[in-house]
1. Put the label 7 Å from Cα along Cα→Cβ for B:ASN98; what are its distances to the other copies, in nanometres, shortest first?
2. Would you kindly derive the ³J(HN,Hα) couplings of the range B:356-364 from the backbone phi angles with the Karplus curve 6.51 cos²θ - 1.76 cosθ + 1.60 (θ = phi - 60°), listing them in order in whole Hz, with x for Gly and Pro?
3. May I ask you to compute the full-extension gain from A:LYS230 to A:LYS283, defined as 0.36 nm times their residue separation minus their alpha-carbon distance, rounded to one decimal in nm?
4. Among chain A residues, which Cβ is nearest the axis of the A-onto-B rotation, and at how many Å?
5. Of the candidates B:TYR273, B:TYR311, B:TYR156, which one comes out as most mobile in a Gaussian network treatment of chain B with C-alpha springs shorter than 10 Å?
6. Among A:VAL371, A:VAL238, A:VAL282, which one shows the highest mean-square fluctuation when chain A is modelled as a Gaussian network with alpha-carbon springs under 10 Å?
7. If you line up the long axis of helix A:108-123 against the longest principal axis of chain A, both from Cα atoms, how many degrees apart are they, to the nearest 10?
8. Contour minus end-to-end for B:VAL333 and B:SER365, with contour as 0.36 nm per residue of separation and end-to-end as the Cα-Cα distance?
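Please treat every number below as a calculation from the coordinates, not as lab data. Every value quoted in this text rests on a predicted model; they were computed, and no experiment measured them. Positions of Cβ are backbone-derived with ideal geometry, glycine not excepted, and every protein chain shown enters the neighbour counts.
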2 protein chains.
Amino acid sequence: MKGNCIVAQSGGPTAVINSSACGVIEEAMKHPEIEGVYAAYNGILGVLNEEIFDLRRENPDTIARLRTTPAAALGSCRYKVRKEEDFEKILSVFQKHNIRYFFYIGGNDSMDTADRVNKLAEERGFEFRAVGVPKTIDNDLALTDHTPGYGSVIKYLATMVMEAGRDTEALYTTDTVNVIEAMGRNAGWIAAGTALARREEQDAPHIILLPEVPFDASKFKEKVKYYLDKIHRCVVVVSEGTKNPDGSYIAEQKGEFAKDAFGHTQLGGAANYIKELIERDVKVKARFAIPSTIQRNGIHFASKTDSDEAYIAGQKAVLHALNGVTGKMVTLVRESDRPYKCTTGLANLSSVANGEKYFPKEWISKDGFFVTDGFFSYARPLIEGEVKPLIKDGLPDFMRFKKHFI
Amino acid sequence: MKGNCIVAQSGGPTAVINSSACGVIEEAMKHPEIEGVYAAYNGILGVLNEEIFDLRRENPDTIARLRTTPAAALGSCRYKVRKEEDFEKILSVFQKHNIRYFFYIGGNDSMDTADRVNKLAEERGFEFRAVGVPKTIDNDLALTDHTPGYGSVIKYLATMVMEAGRDTEALYTTDTVNVIEAMGRNAGWIAAGTALARREEQDAPHIILLPEVPFDASKFKEKVKYYLDKIHRCVVVVSEGTKNPDGSYIAEQKGEFAKDAFGHTQLGGAANYIKELIERDVKVKARFAIPSTIQRNGIHFASKTDSDEAYIAGQKAVLHALNGVTGKMVTLVRESDRPYKCTTGLANLSSVANGEKYFPKEWISKDGFFVTDGFFSYARPLIEGEVKPLIKDGLPDFMRFKKHFI
């Protein structure tokens, strides 16, 4: 089917979401059926606002450099399409610009949007193909072995934990405990990934607090004391989503754990809370770090495996669409752990949209403060190899699109 | 002079302090005058507690890998030697073990310790040589053009700012302001170094808050609004040492800016404070990141220039001591910016101990929110090249000493 295609990125950026965009764009440009290769500026908002730019007018070198540029070069958004009129608008923009192929790189919500636009197009008799490309550092998408973006965030965060862990080791006579906050509001995948940093028992991280395990303060303090006794230090990775037994986030403490400086309920303060708890009750000095969005954009030490898979997922989306596939998301299918072999498959957009992949209970250690070997086997292949960013004057050299709007 | 030598590391770790130790150790092992090559475990505490280990019993490969291992492999401390009896103890330990050469890698306090031990040895007629090797991410040591450790911390932190800056750029429709906290309690050298990330006006960081410039909240908010108007986003780097006009840290707000969850005065909360201020008064969503000790240990993306200079400073300390030099610190002497050429010199330990190098006022931009081209010329050569850490299973592979105590 001849027509134009559009690619969009959605949700929280990752180190490799641009690699997926690169796969889509470079593949799309190889096929004569695909005429215009467009980008929606800021995800689906770019379609709704008709802010669409022409990728054929960009330098091929700029496009190639997507692979070494983090975040979302097409712009992203957190807009959840709900209103019927929004879907109508999206379809009408696609019709107006003869956009027959829609490649949406994102998570559950994006797959839901792509699915509903696809169904609406079918309903209206507009020949159209929507294929999703998975993306999220959270690794919580259903029906794919893992998500592009996850390998890179854990490789980089585990490296941070190793490096800061050596700082605590060097200064254990003063800064005895170090608490590092990992992203992951609902699942412990990211925090768990830092376990890869630990090759020997004395290596950081010594304790990992996961959202899946209700926080037991007294057991936790005992565990901290165990490490202080044994190796005179303790590095704790705490997921921002760690919860109290009553289901509230530890980051939003009530009462004694006050509001923030402006009287709002404290959010994103999981690491701070753990630090204060240790200083008050264990009576040793603690530090904390909150890498926040830095952790998900570390292209300078991203996983080559992850980056390559992100690219391939983008390519495959185009190839499948050209073969008539629609209403599907490309999935990653693990064939084996050692040697690691991963191919791609397809899943229904609607199944992905409504699914969620939890961190398996059997990968949590018995005491709840670490992960098992099963997780190591799963995660280790995902961080293999390093992306080499272009360097100029000692710092990465990222691309930006010129953005010729149509 | 025949005898044993000892090397020690002190104060906050850096990505390259081990490179200086490597320079000392590898050079010391080449010279027959130096018999035992010892390490003090945890800086001067290792001397005071007679916890000294034998570096000749370590694998040469382990020693070589100091160059790609961050933090302080000999152990560090924050113990400030003040008591006369401590100096006596140090000298008696040196005499007992026939330690004739003392190489101390550290900042002002370490240079003061080395100086006073050196003077005491002279007073007692114990032939002895103490040579200091500069180290600090803070870049505030007097009489040296810059300090080993500084180039690497700014290279890595500037990279974090670039990468997280792209995240804010991609998500400006939701997360409009991002605040990143830089270390540097007393001087703005580190925060200023992130300016290198900015190649075009739209690049992060857009605003840098330095301890040298009293914080003017209303001017700051105007500047934030200027960027929001112009490019719809703003990335702020705030030094942890940023102060109010009355000299108090912005991180320790009184009254309305409450105590922390346990009622202690809030510390290390500069980024949090700026985030809250923006959300309350500028009424856009802001995020913040606190890289904390992660920033100073980033060997995986450390500056090769910095690492090499750290190594050479260690080597030179040994060569000078063998030539009879004592009571001096090795300095870095810049011959030219472009092409960058740096040699070494010597300064009196006592002058370094009592000096401090402030961030030059003339390198602060007129509005107080950025740095001038003069700073760029100074800082750019310091971040050239990348250290390549050894990688095993996708993560850095650091060394640890076996530590055979004597």
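1. So the distances to the same position in the other copies read 9.1 nm.
2. 7, 9, 7, 6, x, 4, 6, 9, 9
3. Numbers: separation 53, 0.36 × 53 = 19.08 nm, distance 1.65 nm.
Answer, rounded to one decimal: 17.4 nm.
4. Value returned for chain A: A:ILE290, 2.
5. B:TYR273
6. With Cα springs under 10 Å in chain A, the top fluctuation among A:VAL371, A:VAL238, A:VAL282 is at A:VAL282.
7. 20 degrees
8. Details: separation 32, 0.36 × 32 = 11.52 nm, distance 2.59 nm.
Here the answer is 8.9 nm.
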